[in-house]
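What follows is one structure encoded as structure tokens, with my remarks underneath.
The values are calculated or read from the model by the stated rules, or taken from the named source; none is laboratory data. Bear in mind the structure is a predicted one, so any value in this text is a computation, not a measurement. Ideal geometry is used to build each Cβ from the backbone, glycine not excepted, and the neighbour counts take in all protein chains shown.
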Amino acid sequence: MYKKTDKQFTFETDILSKGIYINDPATNPEAPPIYMTSAFNVEDLDDLQARYDAHGFCYNRNRNPNRNALIELMTYAENGEASIACSSGMAAISTVVFSAVKQGDHIVSDMTLYGETIDIFTKVLSQYGVEVTFVDFTDLEQIKAAIQSNTKLLYTETVSNPMITVVDLAAVAHIAHKHNAILVVDNTFMTCALCRPIDFGADIVVNSLTKFANGHSDSVCGSATGRAELIKNAHNLQVLLGTQADPFSSWLVQRGIRTIELRVPKQSTNASALAHALAKSPYVLKVNHPSLEDHPQHELAKKQFKGFGGMLSIELPDNREKMNKFMRALSFAHYAMTLGGYRTTLAYPVMSSHYDVPREERLKIGITDGLLRISCGIENTDDLVNDFLNALEQAYK
Ligand SMILES: *Cc1c(COP(=O)(O)O)cnc(C)c1O
């Protein structure tokens, strides 16, 4: 209804109106209504058949206008052919992976993934006869060496948690396609505003829309976007598993995404400013952010991303009492078990994402007892930097 033209504009402009197709001439609302309904009325059997044929609305688990709106928006935003919208990021990841592999298949996975994704691979897929090999995806030789004749899927994230390393997506896609495997990339940390993995050859991109995409920390949702035939398989499985996004979350998240071009680039510049300021602090042992010239993939990040992203991590001296003092001394940056919201938040990987990982193993990937992960919000840059510098001074001086 809102579409006045089919003309293409820039991402900044088109992200405001994609996926709004509510057809209600009687009221013609400026914002889309929420379709809180489990089913849709059918006139007669011909109408029912017509709805089947046109992928129309019958039952909420199959289709809902708000979910469809989010699907259209994500397909545009990630530059794919089709999408599914799911009840969480984990719902999107599990639906996509389960739909793409079967017993006897092999997956080559990045070793530093979101914790629950690793659990899906090691604790769930292993029970269904799918084998997974974990390697360091910043080392292409390790990926090549791990490929087997039954490798069907390569899995990575645009930026890893919590060490903030960057994977060369085009090179990994090339390896996958040479061996007739598909590449699945989790783009949660960068979002479509900074990187579109499909443009680098990814076959499916998954997103926890809970994080930067929605940006308001008020909803749990996920999506997968990619080639039409792969997404069709995922959708067919989703209808059976019931991993669909509900109408209200779909509505909230499409609303959040409308302002992604105002939020995520700001979060990204805030993170770069904070990273550079903390790198100079005598109290911070190490800063991990791709904007820093000494980051191992700084040049790659410059080429692959439109900004360096809102996530960074810092290593403080391993002293629980002083870390507590530092956290309490922050005025507005605060601890929260999420990321990507409009306010700056902290997380402690040792007691969250990597709580179950044995100490020696996490030390090997650099997750020391002093590591804090920071998700930057949209605060004034000077306020943000000063909040950290003041709190460090109070705790460690
Ligand atoms: C949070 C997160 C997920 C899982 O998303 P949920 O919406 O919490 O299910 C997956 N991948 C990454 C990188 C995440 O940060």
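Residues in segment 61-73: is at least one surrounded by fewer than 20 Cβ atoms within 10 Å (Cβ to Cβ), away from the ligand (no atom under 14 Å from the Cβ) and under 16 Å from V205 (Cβ atoms)? Looking through segment 61-73, at least one residue is surrounded by fewer than 20 Cβ atoms within 10 Å (Cβ to Cβ), away from the ligand (no atom under 14 Å from the Cβ) and under 16 Å from V205 (Cβ atoms).
When the test is whether a residue is touching a Gly at 6+ places or on another chain (Cβ under 8 Å), farther than 20 Å from C221 by Cβ, in the same structural domain as M323 (by TED's automatic domain parsing) and surrounded by fewer than 20 Cβ atoms within 10 Å (Cβ to Cβ), L285 passes it. Please indicate, with yes or no, whether at least one residue in segment 318-331 is surrounded by 21 or more Cβ atoms within 10 Å (Cβ to Cβ), hydrophobic (A, V, I, L, M, F, W, C) and touching a helix residue (DSSP H, G or I) at 6+ places or on another chain (Cβ under 7 Å). Yes, there is a match, as at least one residue in segment 318-331 is surrounded by 21 or more Cβ atoms within 10 Å (Cβ to Cβ), hydrophobic (A, V, I, L, M, F, W, C) and touching a helix residue (DSSP H, G or I) at 6+ places or on another chain (Cβ under 7 Å). As a summary of the residue check, T138 satisfies the conditions (1) away from the ligand (no atom under 16 Å from the Cβ); (2) over 21 Å from the mean Cα position of the chain (by Cα) except for the one numbered (2).
Screening L209 against (1) within 27 Å of P358 (Cβ to Cβ); (2) surrounded by 23 or more Cβ atoms within 10 Å (Cβ to Cβ) leaves a single unmet condition, (1).
Restricting attention to segment 241-265, the residues that are closer than 25 Å to C192 by Cβ and not in a helix (DSSP H, G or I) add up to 6.
E157 meets all of the listed conditions (1) within 16 Å of the ligand (Cβ to nearest atom); (2) within 26 Å of K232 (Cβ to Cβ); (3) surrounded by fewer than 18 Cβ atoms within 10 Å (Cβ to Cβ); (4) not aromatic (F, W, Y) but one, namely (3). Out of S219, S223, one residue alone is without any contact (Cβ under 8 Å) to a residue 60 or more places away in the chain and within 15 Å of the ligand (Cβ to nearest atom). It is S219. Total residues in segment 57-66 satisfying the condition of being touching a residue at least 60 places away in the same chain (Cβ under 8 Å) and in a loop (DSSP other than H, G, I, E, B): the figure is 4. None of I164, I143, I147 is under 16 Å from the mean Cα position of the chain (by Cα) and β-branched (V, I, T) except I164.
Of the numbered criteria (1) under 16 Å from the mean Cα position of the chain (by Cα); (2) within 16 Å of I93 (Cβ to Cβ); (3) among the polar types (S, T, N, Q); (4) not in a loop (DSSP other than H, G, I, E, B), the one S268 fails is (2).
Only one of A333, A347, A391 is touching a residue at least 24 places away in the same chain (Cβ under 8 Å), within 15 Å of the ligand (Cβ to nearest atom) and closer than 18 Å to A271 by Cβ. Can you tell me which? So the residue among A333, A347, A391 that is touching a residue at least 24 places away in the same chain (Cβ under 8 Å), within 15 Å of the ligand (Cβ to nearest atom) and closer than 18 Å to A271 by Cβ is A347.
Checking the stated criteria, A213 turns out to be within 16 Å of the ligand (Cβ to nearest atom), touching a residue at least 40 places away in the same chain (Cβ under 8 Å) and small (G, A, S).
Matching residues to (1) at pLDDT 95 or above; (2) on the phi < 0 side of the Ramachandran plot; (3) part of a loop (DSSP other than H, G, I, E, B); (4) not polar (S, T, N, Q):
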| residue | (1), (2), (3), (4) |
| --- | --- |
| A176 | yes, yes, no, yes |
| N180 | yes, no, yes, no |
| A193 | yes, yes, yes, yes |
| N207 | yes, yes, no, no |
| F212 | yes, yes, yes, yes |
| L230 | yes, yes, no, yes |
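The single condition from (1) in contact with a helix residue (DSSP H, G or I) (Cβ under 9 Å, 6 or more places away or on another chain); (2) at pLDDT 95 or above that L113 fails is (2). Within segment 29-56, no residue satisfies the criterion of being under 28 Å from the mean Cα position of the chain (by Cα) and not in a loop (DSSP other than H, G, I, E, B). Being within 14 Å of N66 (Cβ to Cβ) and over 14 Å from the mean Cα position of the chain (by Cα) is a property that R227 lacks.
Considering segment 188-210 alone, what residues qualify as being of a type outside the set (S, T, Y), touching a Leu at 6+ places or on another chain (Cβ under 9 Å) and in contact (Cβ under 8 Å) with a residue 40 or more places away in the chain? Walk me through how you get there before you give the answer.
Residues of segment 188-210 of a type outside the set (S, T, Y): 189-190, 192-207, 209.
Add one more test, that the residue is touching a Leu at 6+ places or on another chain (Cβ under 9 Å), and what stays is 189, 195, 197, 199-204, 209.
Answer for segment 188-210, where residues must be of a type outside the set (S, T, Y), touching a Leu at 6+ places or on another chain (Cβ under 9 Å) and in contact (Cβ under 8 Å) with a residue 40 or more places away in the chain: F189, C195, P197, D199, F200, I204, L209.
Residues that are in contact with a Pro (Cβ under 8 Å, 6 or more places away or on another chain) and either farther than 19 Å from I198 by Cα or aromatic (F, W, Y) (or both) are absent from segment 86-97 altogether. Looking only at residues of segment 87-133 that are within 9 Å of the ligand (Cβ to nearest atom) and among the β-branched types (V, I, T), we find that the one that is surrounded by the fewest Cβ atoms within 10 Å (Cβ to Cβ) is T117.
One residue stands out in segment 191-210 among those that are aliphatic (A, V, I, L, M) and within 10 Å of the ligand (Cβ to nearest atom): the one that is farthest from L262 (Cα to Cα), namely V206.
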